[in-house]
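Engineer: First, the structure itself, so that you have it in front of you.
The values are calculated or read from the model by the stated rules, or taken from the named source; none is laboratory data. These figures come from a predicted structure and were not determined experimentally. Because the Cβ atoms are built from the backbone with ideal geometry, glycine has one as well, and the counts that use them run over all protein chains shown. Side chains are part of the model used for accessible areas, which takes the heavy atoms of the whole protein and leaves out ligands, DNA and RNA. Shrake-Rupley method; radii C 1.70, N 1.55, O 1.52, S 1.80 Å.
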Amino acid sequence: MHKVDTESLRETVLRLTFDRYEGTFAGGQPANNKLDLERIAHVPGLRAQIVYGLAELAQPHRPDLIVGVPHGGDWLATDLAWQLGIRALLLDKDEHKAFHYQKGGEQMVARSERVVGVDDLFNRRTSIRKVQALNGLAERMVAAVAVWDRNPAMKPRLPLPHEALIEEAIPDMLPADDPRQKYLS
C-alpha cells in the first residue's frame, strides 16, 4: 500500500462533499454544514484512495472483522474488508436510529477476536459508541477508523484507538468568515 497525501485528499473531499445544511447531527446538535461523504462512493479513483488509506489505519490492529456504522460506513466496511481479505459486517438502523445486527451478525462477531469499526465521519462519536455497545462488540472491538474527524480535540475520546484519514475541526455552525465557506455548495 502507498501513503495517502492527506492535504490533496482534504481538498478533494471538501470540494466534492461539503454542503450547506440546516438540520441536526446524530448527537442532536444543530448544524449549518455537513460532509456528505457517501458521494465518494461514486468516484472510483477517490473511493480507492480512501479505502487504501483506511486500510493503512486499520491493518496495524490486525482485524479479522470490519463492522460498518450504518449507513455511511456500509460501503467503506465492504470495500475495506475486501482490501484486507477479511469479512465485513453491516448493521441495520431502525426508525429510532438504534443499531441492530443483521441476521447472522451476532454469530460473526462471536467468531471474531479483533474487530475494527469503520465510519465515514467522526464528530461526537455517537454512532461508533452505539456500534461498540452492541452485544459482543465491546470486548472485541480493537479500533475504529473514519475518513474525517471533524472534532479531533473532543474529550472524552473513545475508550479504544481511533483515527481518521483527515483530522480537521469543522464547527457545527460554520461562521460566515471561515475560509472553508468557499467549498460549500
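Engineer: Are any residues in the stretch 12-23 open to solvent by 60 Å² or more (accessible area, probe 1.4 Å) and under 18 Å from the mean Cα position of the chain (by Cα), and if so, which ones?
Structural biologist: LEU16, the sole residue that qualifies.
Engineer: I want to confirm something. Restricting to the stretch 45-83 and keeping residues that are among the small types (Gly, Ala, Ser), under 14 Å from the mean Cα position of the chain (by Cα) and under 19 Å from THR12 (Cβ atoms), which single residue is modelled with the lowest pLDDT?
Structural biologist: Out of the qualifying residues, it is GLY72.
Let's see how each residue does on (1) touching a helix residue (DSSP H, G or I) at 6+ places or on another chain (Cβ under 7 Å); (2) open to solvent by less than 40 Å² (accessible area, probe 1.4 Å); (3) over 25 Å from GLN49 (Cα atoms); (4) touching a residue at least 60 places away in the same chain (Cβ under 8 Å):
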residue: VAL142; (1), (2), (3), (4): yes, yes, no, yes
residue: VAL145; (1), (2), (3), (4): yes, yes, no, yes
residue: ALA153; (1), (2), (3), (4): no, no, yes, no
residue: LEU158; (1), (2), (3), (4): yes, yes, yes, no
residue: LEU165; (1), (2), (3), (4): yes, yes, no, yes
residue: LEU184; (1), (2), (3), (4): no, yes, no, yes
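Engineer: Still on this model: Filter the stretch 34-45 for residues that are open to solvent by less than 50 Å² (accessible area, probe 1.4 Å) and of a type in the set (A, V, I, L, M, F, W, C) and give the result.
Structural biologist: Correct list: LEU35, LEU37, ILE40, ALA41.
Engineer: Report, by residue number, each residue of the stretch 91-117 that is in a loop (DSSP other than H, G, I, E, B) and either surrounded by 15 or more Cβ atoms within 10 Å (Cβ to Cβ) or touching a Lys or Arg at 6+ places or on another chain (Cβ under 6 Å) (or both). Spell out the reasoning first.
Structural biologist: Filtering the stretch 91-117 down to residues in a loop (DSSP other than H, G, I, E, B) leaves 94-98, 102-104, 111-114.
Passing the criteria: SER112, ARG114.
Engineer: Select, from ALA77, ALA88, ALA31, the only residue that is at negative phi and either open to solvent by 50 Å² or more (accessible area, probe 1.4 Å) or assigned to a helix (DSSP H, G or I) (or both). Before you say what the answer is, go through the steps one by one.
Structural biologist: On the way: ALA88 fails: either open to solvent by 50 Å² or more (accessible area, probe 1.4 Å) or assigned to a helix (DSSP H, G or I) (or both); ALA31 fails: either open to solvent by 50 Å² or more (accessible area, probe 1.4 Å) or assigned to a helix (DSSP H, G or I) (or both).
When all the criteria are applied, what remains is ALA77.
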